[in-house]
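Down below is the structure, laid out as structure tokens.
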Amino acid sequence: MTIRTVRPDRGQHFHPRMHCLKKLEATVVEMQDPKTGVKGSEQKLNVTTIPHVIAGNDIIAWITNKMKVTQEEAGVFGTMLVAYGYVYPLQNHKKLVMCNDGSLYRFQVPRSVFKTDESFLAHYNHLNEWLNHQWDFIVMQATEQYKAGKDRQKPDRVVLDCQERAYWIVNRPPVSLLSPALTDSNIFYQQAIMRSKVKSSVSLGALVKFITTYKNHDPFLAPCLPSNPWQTDHDAYWTLNMRRVEVPTKMRVERWSFSLFELLTDLRGRDDFKIFLKKEFSGENLAFWEAAEELKWGASSSMSAKAETIFKTFLAPGAPRWINIDGRTMGLTVKGLDHPHRYVLEAAQTHVFMLMKKDTFFRYLKSPTYKDIQKKALNPEAHNFSPAQLEQNAQNRNPGIDPIILWQQDEEEKAKAAAASAPVDVKAMMSKIDRKK
């Protein structure tokens, strides 16, 4: 399609770019002059006849003679014409470069395929204003356009497709002019598309289930049993809920059944879980999980020594307490131990945790070990103190145990537990038995 006049301003707000486009259009108008312009002809591309086709070397030759420049400079100018859509490559539309050879190109007006007449363009510019009121009219127009497209010959469809592509090449705003807010919103929506989706009904059901499960264990919704020590100055609540108390309360034992995380977070529940695993001869997974936690939260000075001990005890071939994890996780963990850090065992620890969660944890809830502790668990009755008793409790307030003493007690219990769960050397035991004989 021949450009008869300079392209009118179509609402572009980028004035420096618009000035450049007007100069390009003036040059393209001269190139299409029947007497002094570039000569074109009809060409048959595959099975389609395309009108007004020109060769790339003819365009560069015309630019060289007209502007008195070198062929390299003419090639750069021709590439600019291709990039802005005034010259369209027919053989490779993805390569927006002007080649100095027999490659076929075509002049065109970079316009939208929807521009059928000037009155429709005016309606198109005000589409956002009357879209809700003119939907039936838009459907009718789209139907007519579809019918016209089916009746149109294939060469005309190819030409219109070229013009459609060129329109969006020209009217696409530069990246530098995009606002930061728009760029941030694009990144947000791209990440949202990749994020897994959950139905609102599923999420609400999970929320209701969580609230129903934990409502009796929420200190804001349920009272403390036997009494709130901050209000009554009576320390029975703290005594019954010490970290490693011999007989826990029913509320505490019930919380262990909520999840494996709740069970392992409570030291008393973890000790009970160890007893069950020891009976089943499968305590290496929990021992490895505890060792990974100690490495994660321990001192930095002993990190390398702990990592080496964990490797020799749980991961090395023929280790005394070797854990069964998949080959990929084992390879990543062993490779990371060359340069140990706090989270080097994260993948293996997660794998072991999921194994215990899916298998061992449910067997523990059905075992006699858990049922016995449920029967022995205490159910303290609520205290009903009179004002006189509350005053007496305040006078006889216990200062409590020093935190350092509590820490020393925990360290002693950890040492005893580590000694009890240490791997047994079968060869040494057999040699002792033989000596006794």
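The values are calculated or read from the model by the stated rules, or taken from the named source; none is laboratory data. Given the structure is predicted, the values throughout are model-derived calculations rather than measurements. All Cβ positions, even for glycine, are placed from backbone atoms using ideal geometry, and neighbour counts span all protein chains on display. Protein only, heavy atoms only, side chains kept; ligands, DNA and RNA dropped before computing areas. Shrake-Rupley method; radii C 1.70, N 1.55, O 1.52, S 1.80 Å.
Which peptide among 245-258, 31-44, 208-221 comes first, and what is the full order, when sorted by highest mean count of other Cβ atoms within 10 Å? Please report the intermediate quantities before stating the final value.
Numbers: 245-258: 17.0, 31-44: 13.3, 208-221: 10.4.
So the order, starting with the most tightly packed, is 245-258, 31-44, 208-221.
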- [ ] Report in % the part of the accessible area of segment 248-376 that belongs to carbon and sulfur, leaving out ligands and nucleic acids; probe 1.4 Å.
- [x] 59
- [ ] Quick one: of LYS66/LYS154; LYS22/LYS154; LYS94/LYS197; LYS278/LYS375, which pairs are farther than 28 Å apart, Cα to Cα?
- [x] LYS66/LYS154; LYS22/LYS154; LYS94/LYS197
Task: Surface share of carbon and sulfur [accessible, 1.4 angstrom probe, percent] for segment 19-107 - done: 53
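Starting from the Kirkwood radius over alpha-carbon pairs of segment 189-300, derive D by Stokes-Einstein at 10 °C in a medium of 1.306 mPa s and give it in µm² s⁻¹. Kindly include the intermediate steps, with their values, before the conclusion.
Numbers: Rh = 17.6 Å.
After rounding, the answer is 90 µm²/s.
How large is the accessible surface per residue of segment 19-107, computed with a 1.4 Å probe and reported in Å² as a whole number? Walk me through the numbers before you get to the answer.
On the way: 4800 Å² over 89 residues.
Solvent-accessible surface per residue comes out at 54 Å².
Return one whole number: the accessible area per residue of segment 248-376 in Å², for a 1.4 Å probe. Spell out each step's value before the answer.
Working: 7020 Å² over 129 residues.
Value returned for segment 248-376: 54 Å² of accessible area per residue.
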Task: Relative contact order for segment 19-107, counting Cα pairs under 8 Å that sit 6 or more residues apart, in percent - done: 26
Open item on the list: Students often forget the sequence filter, so: which lysines lie under 16 Å Cα-Cα from LYS274 once same-chain residues fewer than 8 apart are removed?
Closed with: LYS357, LYS366, LYS371, LYS414, LYS416
TODO: At a Cα cut-off below 19 Å, give the aspartates and glutamates reachable from LYS312, other chains included and same-chain residues fewer than 8 away excluded.
DONE: GLU284, GLU290, GLU293, GLU294, ASP326, ASP338, GLU346, ASP425
Open item on the list: Please list, in order along segment 60-73, the HN-Hα scalar couplings obtained from phi with the Karplus expression 6.51 cos²θ - 1.76 cosθ + 1.60 (θ = phi - 60°), rounded to whole Hz, x for Gly and Pro.
Closed with: 5, 5, 5, 5, 5, 6, 6, 9, 6, 10, 6, 5, 5, 5
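Quantify how much of the Cα-Cα distance distribution of segment 248-376 extends past 17 Å, in percent. If you can, show how the numbers build up before the last one.
Numbers: 4820 of 8256 pairs.
Counting pairs separated by more than 17 Å, the tail of P(r) holds 58 percent.
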Open item on the list: Give me the percent relative contact order of segment 214-351, please, defined on Cα pairs under 8 angstrom at least 6 residues apart.
Closed with: 14
Open item on the list: I need the shape label for segment 234-308. Rule: rounded when a/c is under 1.5, else prolate if a/b > b/c, else oblate, with a, b, c from the alpha carbon gyration tensor.
Closed with: oblate
Open item on the list: Can you compute 3J(HN,Hα) from phi for each residue in segment 319-324, using the Karplus curve 6.51 cos²θ - 1.76 cosθ + 1.60 with θ = phi - 60°, rounded to whole Hz and x for Gly and Pro?
Closed with: 5, x, 10, 4, 9, 9
